[in-house]
Amino acid sequence: MTAAAWLALFSPLGAAVALAVLGDRISRSRAGLLVSGSVLVSFVSSAYVLARLLSEHPEQRSHVSTLWTWLSAGDLQVGFEILVDPLSVFMMLVVSGVGFLIVSYATGYMRGDDEERRYHAYKALFVFSMLLLVQSGNLLLLLVGWGMVGLSSYLLINFWHQRRSAVAAGKKAFIVNAFGDATVALGLFLVIQRVGALDFATVFGSAEAEIGRSNTVAVLIALGLLGGAAAKSAQVPLHTWLPDAMEGPTPVSALIHAATMVTAGVYLIARTHVLFELAPVVLHTAAVLGGVTLLVAGVIALVQTDIKRVIAYSTMSQIGYMFVAAGVGAYGAGMFHLMTHAFFKALLFMAAGLVIHALAGEQDIRRMGGLGRELPRTTRAFLIGTLALAGVPPLAGFFSKDEILANTLDGGPLGIVLFVFGVAGAFLTAMYSFRLLFVVFRGKQSEHVQHHLHREPNEGPLSMVWPVGVLAVLAVVGGLVSVPGGWHAVDTWLEPVSRPLVHPAGWMEAFSPILSVCVALLGIAVAWRLWGQASDLPTALARRYPLATVALERKLYFDEVYDALLVRPAARLAVTLERVVERPIVAGSARATAGGIRGLASRVAATQSGLLRVYALVVAVGLATLVLVFISVR
Amino acid sequence: MLGPTVAAYLVLSAILFATGAAGVLIRRSPLIVLLALELMLNAGNLALIAFARQHADSGGQVFALAVMVVAATEVVVGLGLIVAMSRKKVELDVDALTELEG
C-alpha cells in the first residue's frame with residue numbers, strides 16, 4: 001500500500017524531470033499527455049490506497065514508510081518518509097483528482113503557446129510538491145513541500161514573463177509566501193528544541209508533556225504555524241498576493257490558487273491540530289482571521305471588474321470559512337468544505353477560462369455581457385458553479401458551508417460571533433457571485449463582444465470541455481458525502497486523525513441551513529435587483545457613497561499601506577546603501593585593487609625587453625651582489 | 001708541492017671568467033657570445049682542477065670532465081642554432097632577437 005503512495009508521489013516528478021531532460025525532442029501534445037498521464041497515475045494510486053485503508057480497522061489506518069534517513073544531526077534524525085492515513089489520503093485524492101482534470105484542461109487552454117512544454121513541466125512539478133506537502137511523514141518534509149509549492153506557484157504566476165505585471169505578481173506571491181515559510185521554520189526550531197524530533201507521531205505524542213509545559217512556547221509554535229498557514233492560504237493580512245496571482249494562466253489559477261495550494265493552510269491546521277490545541281488563543285486567532293477574511297474578501301469582490309479577480313476574492317472568502325471551521329475545531333467540516341470548494345471553484349475558474357478563451361483574452365467584465373445566448377454550455381457550467389458557491393441546496397457548497405456554520409454554533413461565545421460573520425458572508429457570497437453571473441452572461445452584448453467573440457463548435461476544444469463537465473457533476477453531487485442529520489462521511493473518515501472539538505446539536509444542524517439558505521436567496525434577490533436587469537441603481541449607489549466605492553475598488557488600501565510601510569522604506573534603504581556602501585566601498589575597493597595590480601603589472605612588464613644581454617647583465621650583477629653579500633656577511 | 005700556488009691559478013681563473021663575462025655582455029654576434037661562454041666554463045674548470053690538486057682529491061678533476069661534456073653539448077646545440085639562423089637569413093645579432101619580450 002505504501003508502495004502505491006510512493007508511486008503517487010513520484011509519478012508527477014518523473015514527468016517533470018522527463019520534460020526537463022527531453023526539451024524539444026518531445027512534441028507539445030505528447031508533453032501535455034505525459035503530464036496528465038502522470039497525474040492520472042497518482043490519482044489511481046491514491047484511489048487504491050483509499051480502498052486498502054477502507055478495508056482496515058479505523059484506528060489502525062496509519063502507516064509510515066521511510067525510504068532513508070535524510071538528515072542526521074546529533075540526536076535529531078529526520079527520515080525521507082511519508083505518512084499514509086485518512087487525512088493524507090483525503091488530500092491526495094483531492095489534489096490528484098482535481099489536478100488531473102485541470103491538467104487535462106490546460107492541454108487545450110495552453111495549446112499554441114510558445115513555451116507550452118515549460119508550462120507542463122512546471123505544472124507536474126507543482127503537483128509533486130503539493131503531494132509531498134500532504135503526504136510527508138514529518139514536519140521538515142512538510143516544510144520542504146510547503147516551500148516547493150511556493151516556488152512552483154511563483155514559476156507559474158510569472159509564466160508569461162514578458163508581462164511586467166505578471167513578473168511583479170510572481171515576486172509578490174513569492175515574498176509573502178517566503179514570510180510564511182520563515183515563520184513555520186521558526187516554529188519548527190522550537191519544536192526541535194523541545195521535542196528533539198520532527199516526525200508527526202513523536203511530536204504529537206510528546207507535545208502535551210514537552211510543549212504544553214510552557215504556555216509561551218506553545219503559543220509561539222502555534223503562531224509560527226499559523227503565520228505559514230495564513231500566508232499560503234491568503235488570509236488577512238497576508239492575502240494581498242492572491243488577487244495579483246491571477247496574472248498567471250487560468251488553469252494555474254484553478255489548480256493552485258483555488259483548488260489545492262491555497263487550501264494547504266487548512267490542511268496544516270488540521271494536521272498539526274495537536275499543537276494548535278495546546279494554544280487555544282492561536283486557534284481562536286485563526287478562526288477570527290478566517291471570519292474577518294471572509295467578510296473583507298466578500299465585500300471587495302462586489303466591486304472588482306476583472307472576472308478572475310472576483311473569483312480570487314471569492315476563493316479567499318471561502319478559505320476564510322475553512323479557517324473558521326478549523327479554528328473552532330471542526331476539522332472535518334473544514335476539510336469537507338475544502339473538497340467541495342475545490343470542485344466548484346475549479347469549475348468556476350475553468351468556465352471563466354472558456355469565456356476568456358472565446359473572447360481572445362479579455363478579462364474585464366465591463367466589456368462582456370449577453371454571453372448567455374452565445375455560450376449556453378459555458379453558462380450552464382458557470383451557473384452550477386455559482387449556485388454551489390452561493391450555497392443553494394442541494395449543490396455541494398450548501399452542505400459543506402452549512403456544516404461549518406452549524407459547527408460554529410457549538411463554539412461558545414466566539415462561535416456565535418463567527419456564526420454571524422459566516423451568515424453575513426453567505427449573503428455577500430450569493431450577491432457577488434450572482435453579480436458576476438448576471439454581468440457576464442445576461443444583458444446586452446457589448447461592442448467588444450460583438451467584435452471579438454469567436455464561435456467554436458462545443459464552445460472550446462474537447463480537452464477543455466470535458467473536465468468542465470466532470471467538475472460540474474462533482475459540484476452538484478459532491479456535497480452528498482455528508483448530509484446534516486444523516487451521515488457525516490468526511491468527519492467519520494478523519495476522526496482517527498483529527499478529532500473535532502465541537503459537536504453540533506440537532507437543532508443547530510437544522511437551524512443554520514435554513515437561515516443561510518434564506519440569506520443566500522436574499523443575496524441573489526439583491527443581486528438581481530442591482531445587476532440582473534437594466535438599471536442605473538449600481539451607478540447611483542456608487543455616486544451616493546463615493547468614499548466607500550473607491551475604498552473597495554482600491555481593495556481597502558492593503559496594498560497602499562504595505563507599499564508605504566514596507567516596500568518603499570525597503571527600496572529607499574536599498575538606494576541609500578547602494579550610494580553609501582555598495583558604490584564607494586564594495587565596488588570601489590574592487591576597482592582600486594584591480595587598477596593597482598594592473599599598474600604594477602605594466603611596470604614589471606617593461607623589464608621584459610627580450611634583450612638577451614640585459615638579462616645576462618641582471619644575472620651577473622645579481623650573482624656578484626650575492627657573492628659580495630655572502631663574503632662580507634659570513 | 002711544486003709550481004705556483006692555488007692563489008695564482010684562482011687569479012688566472014678569475015681573469016678568464018671576467019673576460020668571458022665581459023664578452024657575453026658586450027659582443028653582439030652569437031658566435032662570439034658562444035666563445036665567451038666557453039671561456040667562462042673553462043675558467044670554472046681551471047678553478048676546479050686547482051682545488052683538486054691542492055686537496056689531492058680527484059673529485060674536482062672528475063667534475064671538470066663533466067663540465068667539459070656539458071660544454072661540448074652546449075656548443076653543439078648553440079652552433080646548430082647559429083647555422084640554422086644563417087640558413088634562414090636571420091640577422092646574426094643577439095640584440096635583434098627580442099621576440100620573447102613579455
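The values are calculated or read from the model by the stated rules, or taken from the named source; none is laboratory data. As the structure is a prediction and not an experimental result, all values here were calculated from the model. Glycine also receives a Cβ, built like all others from the backbone with ideal geometry; neighbour counts cover every protein chain displayed.
For this structure, a couple of remarks:
- Test: residue A:95 is within 24 Å of residue A:494 (Cβ to Cβ), modelled with pLDDT under 90, outside the structural domain of residue A:345 (by TED's automatic domain parsing) and among the hydrophobic types (A, V, I, L, M, F, W, C): no
- Residues of the stretch B:59-89 that turn out to be within 14 Å of chain A (Cβ to nearest Cβ) and either within 20 Å of the chain's Cα centre (by Cα) or outside any helix (DSSP H, G or I) (or both), as a count: 3
- Restricting attention to the stretch A:604-627, the residues being within 17 Å of residue B:20 (Cβ to Cβ) and at the interface with chain B (Cβ under 7 Å from one of its Cβ atoms) number 5.
- Taking the numbered list (1) under 19 Å from residue A:528 (Cβ atoms); (2) of a type in the set (Lys, Arg); (3) touching a helix residue (DSSP H, G or I) at 6+ places or on another chain (Cβ under 7 Å) in turn, residue A:373 passes all entries but (3).
- Out of A:418, A:414, A:383, A:409, sole residue that is among the aliphatic types (A, V, I, L, M), surrounded by 24 or more Cβ atoms within 10 Å (Cβ to Cβ) and either at pLDDT 90 or above or in the same structural domain as residue A:533 (by TED's automatic domain parsing) (or both): A:418
- Selection of the stretch A:171-228 for residues being of a type in the set (S, T, N, Q) and assigned to a helix (DSSP H, G or I) yields A:177, A:183, A:193, A:202, A:206, A:215, A:216.
- Scanning the stretch A:560-583 finds one or more residues that are touching a Ser or Thr at 6+ places or on another chain (Cβ under 8 Å) and in contact (Cβ under 8 Å) with a residue 60 or more places away in the chain.
- Qualifying residue in the stretch A:372-387 (condition: small (Gly, Ala, Ser), under 25 Å from the mean Cα position of the chain (by Cα) and in a helix (DSSP H, G or I)): yes
- In summary, residue A:537 fulfils each of the numbered conditions (1) surrounded by 13 or more Cβ atoms within 10 Å (Cβ to Cβ); (2) in contact with a helix residue (DSSP H, G or I) (Cβ under 7 Å, 6 or more places away or on another chain) with the single exception of condition (1).
- For the stretch B:21-63, residues that are more than 28 Å from residue A:613 (Cβ to Cβ) and among the aliphatic types (A, V, I, L, M) total 5.
- Residue that is farthest from the other protein chains (Cβ to nearest Cβ), among those in the stretch B:92-101 that are free of Cβ contacts under 8 Å to residues at least 60 places away in the same chain and either in a helix (DSSP H, G or I) or surrounded by fewer than 10 Cβ atoms within 10 Å (Cβ to Cβ) (or both): B:96
- Among the candidates A:186, A:223, A:278, residue that is without any contact (Cβ under 8 Å) to a residue 40 or more places away in the chain, surrounded by fewer than 24 Cβ atoms within 10 Å (Cβ to Cβ) and of a type in the set (A, V, I, L, M): A:186
- Within the set A:554, A:543, A:603, the sole residue that is exposed (fewer than 11 other Cβ atoms within 10 Å of the Cβ) and in contact with a helix residue (DSSP H, G or I) (Cβ under 9 Å, 6 or more places away or on another chain) turns out to be A:543.
- Selection count where residues are over 24 Å from residue A:77 (Cα atoms) and either within 24 Å of the chain's Cα centre (by Cα) or touching a residue at least 24 places away in the same chain (Cβ under 8 Å) (or both), scope the stretch A:189-216: 1
- The number of residues in the stretch A:433-450 that are crowded, with 18+ Cβ neighbours inside 10 Å and part of a helix (DSSP H, G or I) comes to 10.
- Filtered residue count, the stretch A:297-306, keeping only those that are buried (at least 24 other Cβ atoms within 10 Å of the Cβ) and over 19 Å from the mean Cα position of the chain (by Cα): 1
- Among the candidates B:36, B:52, residue that is surrounded by 17 or more Cβ atoms within 10 Å (Cβ to Cβ), more than 14 Å from every other protein chain (Cβ to nearest Cβ) and in a helix (DSSP H, G or I): B:52
- Lone qualifier among A:475, A:505, A:525, A:534 - being free of Cβ contacts under 8 Å to residues at least 40 places away in the same chain and small (Gly, Ala, Ser): A:525
- Restricting A:102, A:82 to those that are under 26 Å from residue A:499 (Cα atoms) and surrounded by 15 or more Cβ atoms within 10 Å (Cβ to Cβ) reduces the list to A:82.
- Any chance residue A:392 is modelled with pLDDT under 90 and out of contact with any Pro (no Cβ under 8 Å at 6 or more places or on another chain): yes
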